[in-house]
1. Would you pick out the residues in segment 97-107 that are crowded, with 19+ Cβ neighbours inside 10 Å and farther than 11 Å from L216 by Cα?
2. Criterion first (buried (at least 16 other Cβ atoms within 10 Å of the Cβ) and at pLDDT below 75) does C63 satisfy it?
3. Taking interchain pairs and intrachain pairs at least six residues apart, which have beta carbon atoms under 7 angstrom, with the first residue in segment 70-82 and surrounded by fewer than 19 Cβ atoms within 10 Å (Cβ to Cβ) and the second charged (D, E, K, R) and in a helix (DSSP H, G or I)?
4. Please identify the pairs in which a residue from segment 134-151 that is within 14 Å of A90 (Cα to Cα) has its Cβ atom under 8 Å from the Cβ atom of a residue that is open to solvent by 60 Å² or more (accessible area, probe 1.4 Å) and in a loop (DSSP other than H, G, I, E, B), counting only partners at least 6 apart or on another chain.
5. So how many residues does segment 168-188 have that are modelled with pLDDT under 95, touching a Cys at 6+ places or on another chain (Cβ under 8 Å) and surrounded by 21 or more Cβ atoms within 10 Å (Cβ to Cβ)?
6. Among the residues in segment 83-96, are any assigned to a helix (DSSP H, G or I), over 21 Å from L40 (Cα atoms), open to solvent by 50 Å² or more (accessible area, probe 1.4 Å) and hydrophobic (A, V, I, L, M, F, W, C)?
7. Looking only at segment 209-220, count every residue that is touching a helix residue (DSSP H, G or I) at 6+ places or on another chain (Cβ under 8 Å) and surrounded by fewer than 21 Cβ atoms within 10 Å (Cβ to Cβ) and tell me the total.
8. Quick one: which of A46, A120 is at pLDDT below 75, farther than 14 Å from C217 by Cα and open to solvent by 20 Å² or more (accessible area, probe 1.4 Å)?
Amino acid sequence: MHRIYWMVGNLLFPQRCPWCGRVIGFSGPCERCVEVLPHLTEEESALLSRQAGCRAIDSLAACCRYEGVAKRVMQRLKFQGMRSLAPLVANEMAQCAKAQFPGVRFDVIVPVPTSRKSLARRGYNVPALLAKTVGAILAIPVENDILVKECETRYQHDLPREGRAANLLGAFRVKRPERVAGKRVLLIDDIVTTGATLAECAKMLELAGAEAVDTLCFAYTVKEKAGAAD
């Protein structure tokens with residue numbers, strides 16, 4: 001009887017692939033999306049570290065390139081209200097952290113904050129959602145209210161690359177420096193394009209006394225492939 005209810009429910013409300021949204025019905029995971037995330041190559045990971053160009057960032061790690069399945073899922077999460085995708089994305093990030101930071105013990109996770117305007121429009125802060133699950137998987141405490149965005153800025157994806165760093169000057173503040181002083185911080189964002197947002201946040205954490213700031217994001221846009229990111 002339980003199986004009959006399950007089959008009827010599947011017919012009325014068919015399952016969808018969590019990555020691409022395609023109806024999968026009884027077929028299980030979407031074959032188009034299994035193991036097809038565009039993971040970074042070693043060369044691209046090295047480029048990511050060089051691209052940041054920020055002394056305050058000790059290292060950067062990213063799961064994949066901002067294209068294909070990764071791009072589709074982030075657009076659904078960020079712009080289509082699909083916040084239920086956050087744990088799926090965050091799990092990938094946690095596995096990436098284990099691989100990229102072997103043996104490293106972080107004291108605290110800090111998500112990149114969003115502006116009040118973006119929070120009101122979207123209803124949630126994507127990096128904060130990701131940080132929650134990453135923290136749970138890695139058993140690292142998450143501090144959502146240490147780093148705040150003080151003022152509204154122009155959307156980063158509306159600006160040329162050379163103008164993004166200037167757009168963020170003075171935008172972030174550390175409210176409780178004593179909670180990061182002397183600690184190794186894992187700074188989390190969703191998408192990285194030029195690294196300007198991460199660089200400014202890392203700089204403020206360093207000024208607040210953080211011993212080290214490593215950064216982790218889900219998707220990374222290589223310089224030759226510009227894409228929308230906060």
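The values are calculated or read from the model by the stated rules, or taken from the named source; none is laboratory data. It should be emphasised that the depicted structure is a prediction, and the values quoted were computed from it without experimental measurement. Cβ sites come from the backbone with ideal geometry, for glycine too, and all protein chains shown count toward neighbours. When the accessible area is computed, the model is the full protein with side chains, heavy atoms only, and any ligands, DNA or RNA have been set aside. Shrake-Rupley method; radii C 1.70, N 1.55, O 1.52, S 1.80 Å.
1. Filtering segment 97-107 down to residues crowded, with 19+ Cβ neighbours inside 10 Å leaves 97, 106.
Answer for segment 97-107, where residues must be crowded, with 19+ Cβ neighbours inside 10 Å and farther than 11 Å from L216 by Cα: just F106.
2. On the way: buried (at least 16 other Cβ atoms within 10 Å of the Cβ): yes; at pLDDT below 75: no.
So C63 does not fit the description; no.
3. Close Cβ pairs satisfying both conditions: M82/R76.
4. Every condition considered, the pairs that remain are G135/P141; I140/D107.
5. Summing the residues that are modelled with pLDDT under 95, touching a Cys at 6+ places or on another chain (Cβ under 8 Å) and surrounded by 21 or more Cβ atoms within 10 Å (Cβ to Cβ) in segment 168-188 gives 1.
6. no
7. Number of matching residues: 1.
8. Details: A120 fails: at pLDDT below 75.
The conditions single out A46.
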